[in-house]
Structure formats: structure tokens, C-alpha cells
1. Looking at R92, is it under 20 Å from G9 (Cβ atoms), crowded, with 16+ Cβ neighbours inside 10 Å and of a type in the set (D, E, K, R)?
2. For the stretch 109-145, give me each residue that is among the polar types (S, T, N, Q), within 17 Å of the chain's Cα centre (by Cα) and assigned to a helix (DSSP H, G or I).
3. What is the number of the single condition among (1) surrounded by fewer than 17 Cβ atoms within 10 Å (Cβ to Cβ); (2) in a helix (DSSP H, G or I) that N15 does not meet?
4. All but one of (1) touching a residue at least 24 places away in the same chain (Cβ under 8 Å); (2) within 16 Å of I21 (Cβ to Cβ); (3) basic (K, R) hold for K44; which doesn't?
5. On the basis of being among the β-branched types (V, I, T), over 26 Å from S101 (Cβ atoms), without any contact (Cβ under 8 Å) to a residue 60 or more places away in the chain and out of contact with any Asp or Glu (no Cβ under 8 Å at 6 or more places or on another chain), does I29 make the cut?
6. Which residue is nearest to D91 (Cα to Cα), if the candidates are limited to the stretch 42-78 and must be of a type in the set (S, T, N, Q) and in contact with a strand residue (DSSP E or B) (Cβ under 7 Å, 6 or more places away or on another chain)?
7. Being touching a residue at least 40 places away in the same chain (Cβ under 8 Å) and open to solvent by less than 10 Å² (accessible area, probe 1.4 Å) is the filter; apply it to the stretch 109-135 and report the residue that is farthest from N81 (Cα to Cα).
8. Can you spot a residue in the stretch 79-89 that is open to solvent by 40 Å² or more (accessible area, probe 1.4 Å), farther than 18 Å from S24 by Cβ and at pLDDT below 95?
Amino acid sequence: MTVIACDIGGVIKNNVNDEPIEDSVESIIKLSENPSNRIIFISKCNDKYKQKSIMWLEKYNLSHIQKYDCLEYDEKITIANDNKVNIMIDDRIQVLRTFPSSIIKIWFCSDSKKIEGARKFQPDFLDSVRLARNWKEAVELIEEIQS
């Protein structure tokens, strides 16, 4: 069983317009239909946004996936450990940087400026993660990890 944890904002939901990021909904559904996967969402989300987040997941047929909310980024590690997460997908360097090496980290980032900045100033970080610029790449990475 592969436990895949995924952030919501910036990974499946566009933070600017609240629309799904291209191919995110289809990819998450496809991954969740594979019986050897367990998908969970781990999202930093205060009480004000919890209901909004639940409604968004319902709107896009993702409410069947278990969602864990936390108030601080470092709580994501505890949730991941409690759920025996194998793969974490997040868009924030500072979140992934804190995860142990036992968890495979996928940095979801389509911003070439951020990627170049990381190459230049944080090469150790880039060496410790797999980079997915879009959901097609994210799914390919997961399938490659599992094979």
C-alpha cells in the first residue's frame, strides 16, 4: 500500500482563482481508484477556511478522500507520520524541507523562476525532492516510484 499525501492550495487548487489546477482532479481520482494507493489531503487551514475547503472538495468530487487540517506547517509531518505516508506532494519548499528522508517528497512547482532560484540557492533541496511541474509529471513520478 502506498500512502500519498497531497496539499490542497497550490497543488490541486489554484490559490488565485480557486479553480482546480490543470489535470489535478482527474489525477487525484485516478490515483485514488488504484487499490494499492491510499490518498489523503494534508492542508494548513484555519477554521475560517475549513468549510470552504470541504465545499470545494465536494464540488470537484474529491470529498471521499480523507482530509487532515493543521494550523502550522510543522504539524503536516506529524499527520504524515501518523498515516504512514510514503509520498508527500506540496508546493512549498519550507514544508518539504522539514520532512524526513524516509518520505519521498514531490515538489509541485510550475514557476520556472522559483525552480531556477532553488537550483541556484538551494541545490541541496532540489537533490532531496522530485520535481513535478504539472500533474502529468506528478502521476508519472508516482508510477515510477511504485514500479
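The values are calculated or read from the model by the stated rules, or taken from the named source; none is laboratory data. Every value quoted in this text rests on a predicted model; they were computed, and no experiment measured them. All Cβ positions, glycine included, derive from the backbone under ideal geometry; neighbour counts span all protein chains shown. With ligands, DNA and RNA removed, areas are computed over all heavy atoms of the protein, side chains included. Shrake-Rupley method; radii C 1.70, N 1.55, O 1.52, S 1.80 Å.
1. Working: under 20 Å from G9 (Cβ atoms): yes; crowded, with 16+ Cβ neighbours inside 10 Å: yes; of a type in the set (D, E, K, R): yes.
Spelling it out, R92 is indeed under 20 Å from G9 (Cβ atoms), crowded, with 16+ Cβ neighbours inside 10 Å and of a type in the set (D, E, K, R).
2. We begin by selecting, within the stretch 109-145, every residue among the polar types (S, T, N, Q); these are 110, 112, 122, 128, 134.
When the remaining residues are screened for being within 17 Å of the chain's Cα centre (by Cα), the result is 110, 128, 134.
Hit for the stretch 109-145 is S128, nothing else.
3. N15 satisfies every listed condition except (2).
4. (2)
5. On the way: among the β-branched types (V, I, T): yes; over 26 Å from S101 (Cβ atoms): yes; without any contact (Cβ under 8 Å) to a residue 60 or more places away in the chain: yes; out of contact with any Asp or Glu (no Cβ under 8 Å at 6 or more places or on another chain): yes.
In short, yes.
6. So the first thing to find is which residues in the stretch 42-78 are of a type in the set (S, T, N, Q), and the list is 43, 46, 51, 53, 61, 63, 66, 78.
Within this subset, residues satisfying the condition of being in contact with a strand residue (DSSP E or B) (Cβ under 7 Å, 6 or more places away or on another chain) are 43, 53, 66.
Working: S43: 11, S53: 17, Q66: 19 Å.
Out of the qualifying residues, it is S43.
7. Of the stretch 109-135, the ones touching a residue at least 40 places away in the same chain (Cβ under 8 Å) are 132, 134-135.
If we keep only those that are open to solvent by less than 10 Å² (accessible area, probe 1.4 Å) too, we end up with 132, 135.
On the way: A132: 23, W135: 24 Å.
This residue is W135.
8. From the stretch 79-89, those open to solvent by 40 Å² or more (accessible area, probe 1.4 Å) are 81-82, 84, 86; that's our starting set.
Still in the list and also farther than 18 Å from S24 by Cβ: 81-82, 84, 86.
If we keep only those that are at pLDDT below 95 too, we end up with none.
No, the stretch 79-89 contains no residue that is open to solvent by 40 Å² or more (accessible area, probe 1.4 Å), farther than 18 Å from S24 by Cβ and at pLDDT below 95.
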